[in-house]
Amino acid sequence: MLCYCSGEQKLEEPAPESPESLATRDFSASGLSSRTGDWDSKLEDAQVDEAESTLKEALSLNYEVKLGHCWGDLNTKEGILMLPFKCTGGIDIRTLSPRMTKAIMERTRQQKPRSKGKNVLLGVMTLHSVSLLLEAIFLKAKSLEQLGRFKEAAEECKTILEIVESALPNGMPQDIGEDVKLQEMFHKALGLLPKLWIQAGFLDEAITAYRQALVRPWNLDPLRLAGVQKDLAATLLYGGVETSLPHQFQLLASTTPKTNTEEAILLLFILMKKVLYGEIEWDCEIIDHLTFALSMCGQFEPLAAHVEQAIPGTYTRAERWYFLALCYSAVGQNEVALNLLKKVSGYSEARHKPHLPSFLLGSKLCSQHPKHAREGINFARRVIDLSSHRNGHFSDQAHKFLGICYGNLARITVSDSERLGFHREALNSLNRAALIGEEDPEIMFSLGLENATQRNLSAAFDNVMMYSDMVSGSSRRSWKLLALILSAEQKITDAETVVDLALDETGRIDQFELLRLKAVLQIAQEQPKQAIESYGVLLALIQAQKEQSKDFDSEPLQERILEMETWQDLAKVYTELESWPNAEICLGKAKSLEFYSPENWHTTGNLFKAQSLYKEALVAFTIALSIEPDYVPTIVSTAVVLMKMSSRSLPIARSFLMNALRLEPTNHDAWWNLGLVYKMEGSMQQAADFFQAAHELKMSAPVQSFVRDIGLNGRKKCTYQVHVRDCFAAAASCARAAFPTAD
């Protein structure tokens, strides 16, 4: 019927006046007219007569449509919407469905060529008649859609699919014939049904309809097939309804998607492959959906790989590098991300418009490690210069990262005068950022952290309280920084009280680090038994969390690092208690989590040192420094061992301690041991000055480092890729060179 409504009939063709319509002729050719063949029953005769009469009325529908379009009469258009109901009102589709299914099945079956006389199938409708009926149903569904009756329209559309799918369980044959509109009507219904279900609010039915459209070969052209796959992926991602795959779709259990997101990602991978092979054109919606899906799963490296496969011209070079930098920074590959961002600011892009987001991301990444501080300052200043003319809302963020980079630069500079200048610039930039972005809590937190690092504890306390008010006390970092500030003021009991309050206010994952801080505070109060109990609770919670996440390919990195640090702390406690076997067991657990960790080898060296095994301790410390040369606690411990081994090693020990103070000027252990070195050398006045400095710094030292444990760079990742033979070789050669005759 829709073939007439769509204007396929020619204008000059006269209106049909013959009592025998096209449908009548089709039925006659099939042996179904009153002049040919025998009827099974009078009921079927009446049904066919009704169908013929209805299809006759359809012949005049084309003219009504043209009349309505020519005169633009609203009433005629409304009448057009009601015509399919009039035309199909006398047809019982449910009764005719088996015959239509049989007709499709028999007419599309592969048969040998027959003579003209034997080519007639008695009692079987022609495909053209079936197509007319399907067209009528489809037109009725479209009219119901226009009237807002989406569920009824979906039911009508579903009828078409049920008829064809019952007749063709293995899909549409390739040689069905171009003169038959059956395939066209089926394809239209196949694409319309899921959209109708979505409009009706039945997302699970829509997903089922999309899957049924893809599970069999229906001769869909590449563009239409890609459209169905993309729409299904979008519905799975954003629909909010979790629907598992039916059993008949689960061909291989090992590769069957288990969630909506996995199924959507699989579909989007297929679409990206089609784009890569040129089967379909580039569609930005595909990469947008894929970006969202892989980001939600944390799979940023595969996302970067697909971005790199994008054809040239899809993105500008700056956009592509920025996108890739985001992906690599998300997986912790900041060095790779920074190299990409440096290209954006390089000479090749000087003639192009500056890409402000790349500069801002570069300043953020550089602020996470002191060695990139100077590059971060350059990135931040470029953002500030560009923001002065436009995009002023980036200015506060640029000043924030500028202040953080200045603070990092102050911690690695050698000159005292430069260090004081960088500290001043850091506070100035962060205060400027706080003035511009008054409602940004992260700026206030960074200002508090910088004040705490510079031992401006009163100002830091005020900043942290303001930050806590902004985030309504829901941040683990604010509680932790507040507790560390109180511990730096030697208010250990108050700090433990703050941690207890934080444990009641924060979530389960945030409680892990707070429990570790509670144990450290208990150690500071000389309560090793309570600390061991706290560590036991923490390890039990981590183990329970690992059991819950065992379905994932890998456990979260932060939990793995925290577990390793917990075993290290326990090893230190048992070392202080001179419980050597327990300390060794804890160290073994820590090394099983990350063998190439400087903290593990540092703790091993302290265990040997406590047992007066100085040579073994020196080897362990050397391995730690081979992994991370600037690890200050190991540098100080190495100097202590050198002092204990021989008086001839005092110059070397002094050199180690001076290097430690260059890296961390507020380390009171380094100042104390430097005073011991000068005392052993007979320089009492200098020793007294160093002891005084050590005492003052210790009175304002937190139980944990402000920078290492709370800084923007967060916890260090266990990514030390050093071969163990190289570590031991370096340790042995260092020991032999420094102490050729040491006992």
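Coordinate-derived values only; no laboratory data. Values in this document were obtained by computation on a predicted structure and should not be read as measured data. Cβ coordinates were reconstructed from backbone atoms using ideal geometry, including for glycine residues, and neighbour counts include every protein chain displayed.
Along the axis of the charge dipole computed for the stretch 497-576 (Cβ charges of +1 for Lys and Arg, -1 for Asp and Glu, origin at the Cα centre), the listed residues ALA544, LEU521, LEU503 are led at the positive end by LEU521. Extents of the stretch 542-625, largest first, come to 45, 26, 14 Å (Cα atoms, principal axes, whole angstrom). Exposure proxy ranking for LEU190, LEU557, LEU642, based on other Cβ atoms within 10 angstrom of each Cβ and starting from the fewest, stands as LEU557, LEU190, LEU642. Counting every C-alpha pair in the stretch 476-517, the share spaced more than 11 angstrom apart comes to 56%.
Here the stretch 337-413 and the stretch 660-679 have alpha carbon centers that stand 34 Å from each other. Residue-wise HN-Hα couplings along the stretch 207-214, as the Karplus relation 6.51 cos²θ - 1.76 cosθ + 1.60 with θ = phi - 60° gives them from phi, are 5, 4, 5, 4, 5, 5, 6, 9 Hz; Gly and Pro carry x. As a rough footprinting exposure proxy, the listed residues VAL241, VAL677 were ranked by other beta carbons within 10 Å of their own, and the order from fewest upward is VAL241, VAL677.
Got a sec? How would CYS284, CYS157 order by Cβ neighbour count within 10 Å, fewest to most?
CYS284, CYS157
Look at where the Cα atoms of the stretch 301-320 and of the stretch 512-551 average out, and the two centres are 44 Å apart.
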